[in-house]
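The values are calculated or read from the model by the stated rules, or taken from the named source; none is laboratory data. No experiment lies behind these values; they were computed from the predicted model shown. All Cβ positions, even for glycine, are placed from backbone atoms using ideal geometry, and neighbour counts span all protein chains on display.
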Amino acid sequence: MEVGDAKPTNLQLYFAIAHSNRSPPSRSRCSPPMTEGMRGARGSRSSSVNSNPLILDIEDFKGDFSFDALFGNLVNDLLPSFLEEEADSGDGHGGNIDGFANGHLRGHADASRLSQMSSAPFFPEVDGLLSLFKDACKELIDLRKQVDGRLNTLKKEVSTQDAKHRKTLTEIEKGVDGLFESFARLDGRISSVGQTAAKIGDHLQSADAQRETASQTIELIKYLMEFNGSPGDLMELSALFSDDSRVAEAASIAQKLRSFAEEDIGRQGATTAAGNATPGRGLEVAVANLQDYCNELENRLLSRFDAASQRRDLSSMSECAKILSQFNRGTSAMQHYVATRPMFIDVEVMNSDIRLVLGDHGSQPSPSNVARGLSSLYKEITDTVRKEAATITAVFPAPNEVMAILVQRVLEQRVTGILDKILVKPSLMSPPPVQEGGLLLYLRMLAVAYERTQELAKDLRAVGCGDLDVEDLTESLFSSHKDEYPEHEQASLKQLYQAKMEELRAESQQVSESSGTIGRSKGASISSSQQQISVTVVTEFVRWSEEAITRCTMFSSQPATLAANVKAIFTCLLDQVSLYITEGLERARDGLSEAASLRERFVLGTSVSRRVAAAAASAAEAAAAAGESSFKAFMVAVQRCGSSVAIVQQALDGAHAASCEEMSTALSKAETAAYKGLQQCIETVMAEVERLLSAEQMATDYRSPDDGIAPDHRPTNACIRVVAYLSRVLESAFTALEGLNKQAFLTELGNRLDKLLLTHWQKFTFNPSGGLRLKRDINEYGDFVKRFSVPSVEEKFELLGIMANVFIVAPESLSTLFEGSPSIRKDAQRFIQLREDYKSAKLATRLSSLWPSLS
């Protein structure tokens, strides 16, 4: 076989070798390993390999096969001799090899050795290896053919076995289907047999139950006949009914007999009433005797229960309670247990509760002390109920029912007893005085008691109270108080208001008495100032209402009721605030009225003596001082009134629009009083300005003599006095008023001042130098009214300054003076008539020709 023909076989060989990791074949199938004696005859070894062909077995390629191991075993017979010789040469002539490697021959032996190596082939085993590989390829091809043949044979056998297997599976499936059908029939028969057996068992059970019932009925009839003997004769009863160890059984039988006897009597009564039978002797005696026996047995069990309770024998108590539960569902035992609790029968407990909450006898309890006392008492009650709950749970078969009875008894007896001591409902016709707490004390006590009792109800609910609606029961404790609560709350607010007003009046009276006797005018101012509106008082009104609304929210569970009660409180607050500030404004107005009467009293005619005039002037000064004091007092009242209304508005922040409308309606009287008072303030100011002008303005101020002295450009003394007065008195108005109120007041004041000055100046005659001084006065007035920040008033005084020019310009210039301001020509004409040269310059004729519309 040529090498080129064996290439595909080598690939197949590599594929077969690569899929195995077997250990190398044994040396018995390959050439034996080389020894030291065989190193010199490589040719003989090669021929030896050819004379002994390789023998490869298919089994060598199974399991863990390694190509490297197979290849090594194939060539180990040839290659190891060459490798060993190289190793020996390297060990014996290492220096010569090194010398050869460096290009130097170090002796004859080395040269001879090198000559021999160069004459022999460098790899003499190659021929042996080629022959070995060819033989190996041949054997591998033969092995592949054997493997292919075996594979074909195995495929045929597998196909045959698969067909047999499929046939066998088909037969097995048919057999399994038959088995399923057999099992189904068997299951049906088993089910039928089971149903039949169940029916038989039911019949047997029913028969046994009937037999047992019949047996029990016979026993019950026997016992019933014993009870149906002589009335009241319980001595001939069976031992069962007198054996203390069988009390539970006796109680059960007695209840059954009693139920049966009562039903029989009921049936007989119905039959007799229908007329179908003649009434005869029935089981009335048995019912009576059974009733007596049950009562006697129940009392005996209760006595035993009490004895066990005193010993704290819970197991005996539980046993008795379980038996007693057969008598009226154990109601008597439950009620008896609750009724015998010390907190319901011990008088000292009641007295201790009262001392804890109300303190010592005769002392006036306060809401805070009552709140602390109730908290302590209710905590003690909760702890006691919690302890009782543990006992009840361990003793009674129905602990929830017992807890309901216990909690109800606690609320109805112990809590109600202390509430009756705390909450003594006062009479609205003759309420207690404020010095003793008044109606407010009762309302605060009610709120504290209600709040703490609600907390107690929550605590008792947490401990456990069965099906009892403890919250509803708690509400019922306060029902009588809550029904009349709104009336008491409103009456309390009215009582507080009246007491506060009396207190303020007493303080004012005390101050007046301590001040001594003073003048009429000063007395008026002091009287008005001592009863000024106080923001603190209004704040107190609001605080009362807030506290009332808090109680109202607490006591009003329904939204409609809450809305109605809050509205009533809100209306009461508005009435109080409106009445208080209205009275305060009216008192301040009284001061203004008294000052006005003083001014009118000292107005004198012209023909009076100098002494009388001096006295009148002094009195006028006093009246002016009273007017100024009253003006300031009223402005303070208005300021505090605004602050009070702001406090109320702040308290009602976010309130409904209807509430805001109601507030506006309630405060309308106060607004009216404020408006009238501001009008009086304007009248007071104008009266004083007029007095100052009349007293201080001289005829020579605007008609100074032409004596060659330089004209005086200062404001007149009257102007200085008036501006100083206005600056002083209106300072309080600037502080007290704000917004539109301030603007309206200053506008009215400015307009009145403008008219007053026009009227005042028409009393004088002006020359040019006097016109200059008038213009100086007008500028002074104008600078003052600029502080009003009212454009219309400022414009009027600017026009006054323009009109003052009629006294300064020459007569021929008057025609052009008002060309830009035709609206003031009428007033200007009146001013022109006040010129000193009006007649001499014949200004009337000239003006009539210039302004014919004004003539």
Report task. Return yes or no: is Asp783 modelled with pLDDT of 90 or more, over 30 Å from Val636 (Cβ atoms) and either acidic (Asp, Glu) or buried (at least 21 other Cβ atoms within 10 Å of the Cβ) (or both)? Result -> no
Report summary line: Within segment 330-348, the count of residues that are touching a residue at least 24 places away in the same chain (Cβ under 8 Å) and not in a loop (DSSP other than H, G, I, E, B) comes to 11
Report summary line: For Leu477, the lone unmet condition from (1) at pLDDT 85 or above; (2) out of contact with any helix residue (DSSP H, G or I) (no Cβ under 8 Å at 6 or more places or on another chain) is (2)
**Report entry** Pairs, first surrounded by 16 or more Cβ atoms within 10 Å (Cβ to Cβ) in segment 832-855, second part of a loop (DSSP other than H, G, I, E, B) and modelled with pLDDT of 75 or more, C-beta under 7 Å, six or more apart
**Finding:** Ile832/Tyr838; Leu834/Gln762; Leu834/Phe764; Leu834/Thr765; Glu836/Arg703; Glu836/Thr765; Glu836/Asn767
**Report entry** segment 596-638 - residue that is among the acidic types (Asp, Glu) and farther than 12 Å from Cys681 by Cβ and, of those, modelled with the lowest pLDDT
**Finding:** Glu600
Report task. Answer yes if at least one residue in segment 435-450 is among the polar types (S, T, N, Q) and at pLDDT below 90, and no otherwise. Result -> yes
Requested in this report: Specify which of the listed residues (Pro365, Pro342) is touching a Gly at 6+ places or on another chain (Cβ under 9 Å) and farther than 18 Å from Glu401 by Cα.
Outcome: Pro365
**Report entry** Options Asp202, Asp110, Asp208; residue that is modelled with pLDDT under 90, in a helix (DSSP H, G or I) and in the same structural domain as Leu74 (by TED's automatic domain parsing)
**Finding:** Asp110
Query raised in the report: Got a sec? Which of Ala687, Ala670 is part of a helix (DSSP H, G or I), among the small types (Gly, Ala, Ser), modelled with pLDDT of 90 or more and in the same structural domain as Gln532 (by TED's automatic domain parsing)?
Result: Ala687
Query raised in the report: Using beta carbons and a limit of 9 Å, which pairs, at least six apart or on different chains, have the first residue in segment 285-300 and within 24 Å of Glu319 (Cβ to Cβ) and the second one at pLDDT 75 or above and not small (Gly, Ala, Ser)?
Result: Leu297/Ile323; Glu298/Leu324
Report summary line: Expected single match for aliphatic (A, V, I, L, M), in contact with a Pro (Cβ under 6 Å, 6 or more places away or on another chain) and outside the structural domain of Asp306 (by TED's automatic domain parsing) among Ile354, Ile381, Ile392 is Ile392
**Report entry** Single condition Phe764 does not satisfy, out of (1) in a helix (DSSP H, G or I); (2) in contact (Cβ under 8 Å) with a residue 24 or more places away in the chain; (3) closer than 22 Å to Met686 by Cβ; (4) not basic (Lys, Arg)
**Finding:** (1)
Requested in this report: Identify the residue in segment 757-771 that is surrounded by 17 or more Cβ atoms within 10 Å (Cβ to Cβ) and modelled with pLDDT of 90 or more and, among all such residues, is farthest from Leu799 (Cα to Cα).
Outcome: Trp761
